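Let me begin by presenting the structure, written as structure tokens, before commenting on it.
Bear in mind these aren't lab numbers, they're just calculated from the coordinates by the rules spelled out. Note that this is a predicted model, so its numbers are computed, not measured. Please note: Cβ atoms are built from the backbone with ideal geometry, for glycine as well, and neighbour counts cover all protein chains shown.
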Amino acid sequence: MASFSETIQTTYEPKRLAVKLNAKGEQFVINGHPWVFSNNIVKINDDAQTGDLAIIFGKNKNKVIGLGLFDAASPIRIKMLHSENRSVQINANFFQNKIEDAFSKRKPLLETNTNSYRLLFGENDGFPGLIADVYANVLVVKLYSEIWLPYLETILDSLQKTSGSKTVVIRLSRGLQQSKRHHLLDGEVVYGVLEDEVVQFVEHGVNFSANVIKGHKTGYFLDHRDNRRQVGEWSSGKTVLDVFSYAGGFSVHALSNGAKEVTSLDISKQALEIAKQNGKLNNYSGKHHTIAGDAFEELKQLIKQNKTFDVIVIDPPSFAKQQSEIELAKKKYAQLAMLGVQLTSKKGLLVLASCSSRVLFQAFLDINSQVLMKSNRPFDILKKTQHDTDHPIGFPEGAYLKCGYYRFLG
């Protein structure tokens, strides 16, 4: 079994940088925001390189107000590690304490019949640009920034020991895959042995699998776990439509909880195959159908066929990855809500979700309510939810996931 030092070969030794910010930047740091943008920096060393430790001095008596990592490749030039009013050393103990703190927040979840969880949720757990997910005994760490390369061996060692994982896999963002500053490969096993790239795990008693080498992100989307559990509980004996189903998260929970008939709709035939395989990991008696195609077009076809469903979940990918896309995203959410209304049966449940961080929670709920009210179908809002507990929200931009449950009264 290789040690991390043998597999993580990064040679850059980070320097310490003295940084001064403008008033707006200072306020961001004092308020605990994890990002400092390039236009907030007034003074910094000329030779600053990615991964260097930025020591931020305030205007007031030149006092240190925060510590972060410098990122030359990003407009978010400093990604904050610490901004509390006490001095710390950025070393192995600092990262270990942060990881242990994050793990302690996940313990209530792990007391349920669940062995998959997000151990580190980037900025929200004090690790900007770094995600760590656990699937059974496999830890998958995804890097989005080169800032972590000088510290990676220490962090991986701590993550592995804290989680008790037997295998560690590294996933890299596209930018990191092109980087010349490391020798890592996307999907590389950097600790232990991976017998199969498809790893089985459990969430709330329901069996799933994730391809930790080739799957999206780290292999699966864990943020909707509690919504999947809730939809499953409300699907017993029902007909269910899971739109943008991907690997069948909502579908499989519904089947496992006794749904009569479930239809998974996704543009990817490969994802639908995974959804079917995930279903077969569990015992169920209902029927599982799949539809491969564009969601908007396929929903219109179902309306033409006079189809209705007792439970509908519409959980699209992000529609607003840039500021310029927000208005179009809102129109798409309204369109999906309108299609969903037409397909939901009498006294049925419509669950609408968004993962566009730029479309704020209240704005999303307002869009849904306006569409539903225009339909002249009376309804109750049963629940409004965000991420599951292993995705704590540490700053406003960290709150991307939102979900509304709408029960029609007729």
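The distance between label points at residue 39 and residue 73 comes to 2.4 nm (points 7 Å beyond Cα on the Cα→Cβ vector). In plain terms, the chain from residue 296 to residue 273 could stretch by 6.2 nm, reckoned as 0.36 nm per residue minus the Cα-Cα distance. Cα centroids of the range 111-166 and the range 306-385: 33 Å apart. Against the chain, whose longest principal axis comes from its Cα atoms, helix 92-110 is set at around 20 degrees. The label-point distance for residue 285 and residue 183, in a model that sets each label 7 Å from Cα toward Cβ, rounds to 5.8 nm.
For the cross-link pairs 346/384; 105/332; 63/161; 105/142; 166/287, the ones whose C-alpha atoms lie over 28 Å apart are 105/332; 63/161; 166/287. The slack between residue 305 and residue 193, meaning 0.36 nm per residue of separation minus the straight C-alpha distance, is 35.3 nm. Can you give the percent of C-alpha pairs in the chain whose distance is more than 40 Å? Across the chain, Cα pairs with separations above 40 Å total 22 percent.
Extending 7 Å from Cα along the Cβ direction at residue 22 and again at residue 335 yields two label points whose distance is 3.9 nm.
Mind checking Rg over Rh on the range 1-138, alpha carbons, Kirkwood formula for Rh?
Rg divided by Rh gives 1.02.
Restricting things to alpha carbons, find the Rg to Rh ratio for the range 85-201 using the Kirkwood radius for Rh.
0.96
Rounded to the nearest 10 degrees, the angle from helix 269-280 to the longest Cα principal axis of the chain is 80 degrees. Around the Cα centre of the range 39-122, unit charges on the Cβ atoms of Lys, Arg, Asp and Glu (plus for the first two, minus for the last two) sum to a dipole of about 340 debye. The calculated FRET efficiency for residue 261 paired with residue 136, based on their beta-carbon distance and R0 = 35 Å, is about 0.70. Cβ-Cβ distance of residue 346 and residue 214, R₀ of 51 Å, FRET efficiency by 1/(1 + (r/R0)^6): the value works out to about 0.75. Relative to the longest principal axis of the Cα atoms of the chain, helix 326-343 runs at roughly 30 degrees. Semi-axes of the equivalent ellipsoid of the range 273-315 are 23, 13, 9 Å, computed as sqrt(5λ) over the eigenvalues of the C-alpha gyration tensor in descending order. With contacts taken as Cα pairs under 8 Å and at least 6 residues apart, the chain reaches a relative contact order of 11 percent. The dipole here belongs to the chain: it is taken about the Cα centre, uses +1 on the Cβ of Lys and Arg and -1 on the Cβ of Asp and Glu, and is about 1200 debye.
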